[in-house]
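Worksheet for the structure shown next.
The values are calculated or read from the model by the stated rules, or taken from the named source; none is laboratory data. Because the structure is a prediction, the values reported are computed rather than measured. Glycine gets a Cβ as well: all are built from the backbone with ideal geometry, and neighbour counts include every protein chain shown. Surface areas here come from the heavy atoms of the whole protein model, side chains and all, with no ligands, DNA or RNA. Shrake-Rupley method; radii C 1.70, N 1.55, O 1.52, S 1.80 Å.
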Amino acid sequence: MVLVSAVREYISRMLQDISGMKVLILDSHTVSIVSVAYSQSELLQKEVFLVELVDSISKSRESMSHLKAVYFLAPTSENIQYLRRHLVAPRFGEYHLFFSNILKDTQIHILADSDEHEVVQQLQEFYADFVASDPYHFTLNVPSNHIYMLPAVVDHSNLQRFSDRVVDGIAAVFLALKRRPVIRYQRTSDIAKRIAQETAKLMYQQESGLFDFRRTEISPLLLVIDRRDDPVTPLLNQWTYQAMVHELIGIQDNKVDLRTIGKFPKDQQEVVLSSEQDGFFKKNMYENFGDIGMNIKQLVDEFQQISKSNQNIQTIEDMAKFVDNYPEYRKMHGNVSKHVALVTEMSKLVEERKLMLVSQTEQELACNGGQVAAFEAVTNLLNNESVSDIDRLRLVLLYALRYEKESPVQLMQLFNKLSSKSAKYKPGLVQFLLKQAGVDKRTGDLYGNRDFLNIARNMARGLKGVENVYTQHQPLLFQTMESITKGRLRDVDYPFVGNHFQQGRPQEVVIFIVGGTTYEESRSVALQNSMNTGIRFILGGSAILNSKRFLKDLEEAQRVARTSNAV
């Protein structure tokens, strides 16, 4: 429960010591942080009667002196200016200011000078500057996520902004965990190196006092890696519940907007998918699609039993019992209809887009050799009128990543076919991905064909057979975690920053993927943690990707690179 608990504790501390009616004022960033960790009913229990955004509350002049204002904001210069204006003409009885990260001295002076009416009761830093979507998985929701693919010369100021935001987010995670790590990074990635070095500078030089926690015998490890080392995982269709919902419908801050896929009753247009608030989801988030169908049927059967017993109201006692249990009954009804709606919609999409057929070839491309059979399978699917444009593009990208060196002629044939079949295809996108994340750019053994141990493991897996052809792929992250667990992560591939080295095997590891994580990877982390190897892994990234988001970032980076001609 580590990350979610840390954020919840910060929010509780903000709200519980301030008695009376409160208004909670957030910005576009902290609203995600709070909404993922705290439900609206929990905020009400803490006497929060109003939640407002800092920019919209600036437009109102109405006095509300009976309310106490609790601000929870990122320490940006824009937010400091909003606060300055609010303090000059205060509308609320008291002001309690909390910031999600480290404030600069100059910002504190500005706020102190603005508080002429002496309404500010407290000012504190609470380091919840990350969205804790699951207990061991966080995201920074960086808006211009494509920036990591561009060299510094193309867009220097935006790249600086991007890396500043990432460094701040990583720092907040370690401040919340009360740890200072040793730091390693992927050698082949400029952006991973830059972020690792800037993080080390912040933790060991600029703010060394803040990070001077009681030393643990073995320091935790922060490993900064680049999404482009494993471009395959975000391109694959998913078949486990959480990952599949994100791939086919989309999850944003643990919420699913169903309006994008059909007409639903008002209370079901946006549903929450949180392992903290939904027991069924917690139990089934990593299960595969086939099992989910069976488990939902069981859930529906249980609900029908309860509904039947509720219809059988004969005495006053029965009625009183029903009224007592009604909130729970309503909650269960909402939960059942939510999961039924999600699985029904996904089943429709699987059928419409022929995803079982497409996914079988994707998995073969990701996990097994056999270039001739792969070329034939991809060609057949490109010719299949039921296959959608995005699926055609993903198949060609996966083929190109696998066989860029082995079959350039066939690759050209696939490019041409893709151009003729898909009107939306942007020419050069496949080549751009190979430039970004081709075999010459990667550090890890993505296809398990460089390292003797991996080759042997793949052969063994092939001989044993895989229990499910749709979920045979394992992200590269799985190998990375295995290497860390066995003390085999090579210094030459993942160097240390500065002279802070690891003594022995770390017990806590934060792996940060610049460019974004996937739910398939967070599932790997959860499974790894459940094996009790003595190491606790936490996964974080600049965004949470599905194939649509990964391709959007790729297209945006290609567009920027073309206009600057520098990549």
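Restricting attention to the range 94-148, the residues being farther than 26 Å from LEU210 by Cα, open to solvent by less than 50 Å² (accessible area, probe 1.4 Å) and in a loop (DSSP other than H, G, I, E, B) number 2.
Among the conditions (1) surrounded by 15 or more Cβ atoms within 10 Å (Cβ to Cβ); (2) modelled with pLDDT of 85 or more; (3) farther than 19 Å from ASN546 by Cβ; (4) not acidic (Asp, Glu), the only one that LYS421 does not satisfy is (2). Scanning the range 56-79 for residues that are more than 15 Å from ASN101 (Cα to Cα) and open to solvent by less than 70 Å² (accessible area, probe 1.4 Å) returns SER56, ILE57, SER58, SER60, MET64, LEU67, LYS68, ALA69, VAL70.
Scanning the range 522-538 for residues that are touching a residue at least 60 places away in the same chain (Cβ under 8 Å) and either touching an Asp or Glu at 6+ places or on another chain (Cβ under 6 Å) or in a helix (DSSP H, G or I) (or both) returns SER522, ARG523, VAL525, ALA526, LEU527, ASN529, ARG536.
Of all the numbered requirements in (1) closer than 14 Å to ARG549 by Cα; (2) touching a Leu at 6+ places or on another chain (Cβ under 9 Å), GLN252 misses one, and that requirement is (2). Specify the residue that is least open to solvent (accessible area, probe 1.4 Å); the eligible residues are those in the range 343-378 that are outside any helix (DSSP H, G or I) and basic (Lys, Arg). Per the criteria, the residue is ARG353.
For the range 1-24, filtering for residues that are of a type outside the set (Lys, Arg) and without any contact (Cβ under 8 Å) to a residue 60 or more places away in the chain leaves 9.
Pairs meeting the criteria (first residue in the range 176-196 and in contact (Cβ under 8 Å) with a residue 40 or more places away in the chain, second residue surrounded by 24 or more Cβ atoms within 10 Å (Cβ to Cβ) and in a loop (DSSP other than H, G, I, E, B), beta carbons under 7 Å, at least 6 apart or on different chains) are ALA176/ALA128; ALA192/GLN186. Between ASN449, ASN454, the distinction of being of a type outside the set (A, V, I, L, M, F, W, C), open to solvent by less than 20 Å² (accessible area, probe 1.4 Å), closer than 21 Å to VAL469 by Cα and at pLDDT below 90 belongs to ASN454 only. Close contacts from the range 25-36, counting a first residue that is under 13 Å from PHE98 (Cα atoms) and a second that is among the hydroxyl-bearing types (Ser, Thr, Tyr) and outside any strand (DSSP E or B), with Cβ to Cβ under 7 Å and a gap of 6+ residues or different chains, come to THR30/SER100.
Restricting attention to the range 472-505, the residues that are under 20 Å from the mean Cα position of the chain (by Cα), among the β-branched types (Val, Ile, Thr) and open to solvent by 30 Å² or more (accessible area, probe 1.4 Å) total 0. For the range 506-521, filtered to residues that are in a loop (DSSP other than H, G, I, E, B) and of a type outside the set (Ser, Thr, Tyr), the residue that is surrounded by the fewest Cβ atoms within 10 Å (Cβ to Cβ) is GLN507.
For the range 12-19, the criterion of being touching a Ser or Thr at 6+ places or on another chain (Cβ under 6 Å) and either within 21 Å of ARG161 (Cβ to Cβ) or open to solvent by 10 Å² or more (accessible area, probe 1.4 Å) (or both) is met by no residue. Flag set for PRO231, criterion: closer than 21 Å to PRO475 by Cα and open to solvent by less than 30 Å² (accessible area, probe 1.4 Å).
Does SER28 count as within 27 Å of VAL142 (Cβ to Cβ) and under 22 Å from the mean Cα position of the chain (by Cα)? When the stated conditions are applied, SER28 passes them. Note on the range 254-290: residues that are open to solvent by 30 Å² or more (accessible area, probe 1.4 Å), touching a residue at least 40 places away in the same chain (Cβ under 8 Å) and charged (D, E, K, R) total 4. For the range 379-399, a residue qualifies if it is closer than 19 Å to LEU554 by Cβ and either buried (at least 21 other Cβ atoms within 10 Å of the Cβ) or touching a Lys or Arg at 6+ places or on another chain (Cβ under 6 Å) (or both), and the qualifying residues are SER388, ASP389, ASP391, ARG392, LEU393, ARG394, LEU395, VAL396, LEU397, LEU398, TYR399.
Every listed requirement among (1) surrounded by 18 or more Cβ atoms within 10 Å (Cβ to Cβ); (2) out of contact with any helix residue (DSSP H, G or I) (no Cβ under 6 Å at 6 or more places or on another chain) is met by VAL166 save one, (2).
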